[in-house]
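The values are calculated or read from the model by the stated rules, or taken from the named source; none is laboratory data. Keep in mind it's a predicted model, so treat the numbers as computed, not measured. Positions of Cβ are generated from backbone atoms using ideal geometry, with glycine treated the same way; all protein chains shown enter the neighbour counts.
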């Protein structure tokens, strides 16, 4: 394990980057870092661990010949003065995916990939392993309940990695997941996303083709059988024996409670939705491969309550439940809204999606949302004009939203106050609310809405 090294992070403020910096400091390395801006929670976390720089911005004087390693974040640009100085001095420079591989090359590496469900599947696997008291390392893209950090490195024999297809660094535009060189992996689906990075579907799919090609002879890749594009990709690469399909775990819903069905009987669980039955099945497949029995899986998965911001229950009373979800891509929107409606089919569902990402706000991409929002009884869309302007895009009209989603009764909101008034003007008896966004609805006070609805 890496220790007693002088390590400098360029763009230390990112979610994974600052967690990795804390991890390496805790392993007795001398860690420094820089960034041009800091936001919470990373700002507070770095300050609490004595890693927050005295000032924001880049300074080439921070880079000295006695630094053993530079870890480079994607947020930095190719002309970053600290990066240029490190290159001039011939220092060792690694992106964080390259570093994770270097730190785990003697371990069994499990990589969770795909367009959706990565954080949930990773957290399912981690939850079971932790509940069993097994030693493992991990790198996950969100803060999970029960885990202090998003990165852990130790002498454990296995590492669980959430591997995304975003580009690696300003020096390396290949996807991060190509660097981890998996032993075991899964692909949850390949629904086109990241329009700003992969402008065509074929270009996007090709990243997963390269990922599959890296599978060693002793390895396996589990792939979602219900994803047509993914199945077509598997067929195109020749369907080798180490590519293994999976479907949703058998389950039933009785009195708004989901239970897994298996040879030993039934196991009641806290999560729900057909997409989560798929997530559970492949989590079980991976755990079986690292010596977790079915009996152990069913015992420990009962207490899995879900990943943060993934179908998160904000509050409830005997008439209404309010859910918050990170869903923003078309496939995630459809899966999440359908899951809530099916689980509570005796209640009206009001669902609101904020179009916030570059892809979702782009008129060349928005048609991908066609028929993904059919399930809710009332479908609301929120767009913040300031977000559109910041991304240098053209504002989308209500008519264009209705056409793209192919739903004529969608209501578009562009101001937080108007959305708040609409939600608080309703009667909420036998009605659930689902809020989906990777943004903040223009500053909408969710706590106020929760209290008003539930009280």
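Do we find a residue being crowded, with 20+ Cβ neighbours inside 10 Å, at pLDDT 95 or above and closer than 20 Å to residue 142 by Cα anywhere in region 50-70? Scanning region 50-70 turns up no residue that is crowded, with 20+ Cβ neighbours inside 10 Å, at pLDDT 95 or above and closer than 20 Å to residue 142 by Cα.
Where residues in region 414-435 are touching a residue at least 60 places away in the same chain (Cβ under 8 Å) and either surrounded by 18 or more Cβ atoms within 10 Å (Cβ to Cβ) or part of a strand (DSSP E or B) (or both), which of them is nearest to the chain's Cα centre (by Cα)?
So in region 414-435, the residues touching a residue at least 60 places away in the same chain (Cβ under 8 Å) come out as 419, 423, 426, 428-435.
If we keep only those that are either surrounded by 18 or more Cβ atoms within 10 Å (Cβ to Cβ) or part of a strand (DSSP E or B) (or both) as well, we get 419, 423, 428, 431-435.
On the way: 419: 26, 423: 28, 428: 31, 431: 28, 432: 24, 433: 22, 434: 19, 435: 17 Å.
Only one residue tops the list, namely 435.
On the stretch given as region 102-121, residues that are part of a helix (DSSP H, G or I) and farther than 19 Å from residue 220 by Cα total 4.
Scanning region 105-120 for residues that are at pLDDT 95 or above and under 19 Å from the mean Cα position of the chain (by Cα) turns up 109, 110, 111, 112, 113.
Quick test for you: out of 340, 381, pick the one residue that is touching a residue at least 40 places away in the same chain (Cβ under 8 Å) and crowded, with 19+ Cβ neighbours inside 10 Å.
The unique qualifying residue is 340.
Here residue 154 meets each of (1) touching a strand residue (DSSP E or B) at 6+ places or on another chain (Cβ under 6 Å); (2) touching a residue at least 60 places away in the same chain (Cβ under 8 Å); (3) assigned to a loop (DSSP other than H, G, I, E, B); (4) within 25 Å of residue 229 (Cα to Cα) with one exception, condition (4). Sort out which residues of region 336-356 are touching a helix residue (DSSP H, G or I) at 6+ places or on another chain (Cβ under 9 Å) and part of a loop (DSSP other than H, G, I, E, B), and write them in order of number. Listed by number, the residues that qualify are 347, 355, 356.
Remark: residue 360 matches the filter, which requires a residue to be part of a loop (DSSP other than H, G, I, E, B) and more than 24 Å from residue 342 (Cα to Cα).
As for region 122-138, it holds at least one residue that is assigned to a strand (DSSP E or B), touching a residue at least 12 places away in the same chain (Cβ under 8 Å) and in contact with a strand residue (DSSP E or B) (Cβ under 8 Å, 6 or more places away or on another chain).
Confirm whether residue 233 is in contact (Cβ under 8 Å) with a residue 40 or more places away in the chain and under 18 Å from residue 208 (Cβ atoms). When the stated conditions are applied, residue 233 passes them. Of the numbered criteria (1) assigned to a helix (DSSP H, G or I); (2) free of Cβ contacts under 8 Å to residues at least 24 places away in the same chain; (3) more than 17 Å from residue 248 (Cβ to Cβ), the one residue 333 fails is (2). With respect to the conditions (1) outside any loop (DSSP other than H, G, I, E, B); (2) closer than 25 Å to residue 154 by Cβ, residue 67 lacks only one, and its number is (1).
Only a single criterion out of (1) more than 28 Å from residue 115 (Cα to Cα); (2) touching a helix residue (DSSP H, G or I) at 6+ places or on another chain (Cβ under 7 Å) is not satisfied by residue 450, namely (2).
Quick one: which residue in 159, 187, 212 is over 29 Å from residue 304 (Cα atoms), outside the structural domain of residue 358 (by TED's automatic domain parsing), buried (at least 16 other Cβ atoms within 10 Å of the Cβ) and at pLDDT 95 or above? Being over 29 Å from residue 304 (Cα atoms), outside the structural domain of residue 358 (by TED's automatic domain parsing), buried (at least 16 other Cβ atoms within 10 Å of the Cβ) and at pLDDT 95 or above holds for just one of 159, 187, 212, which is 212.
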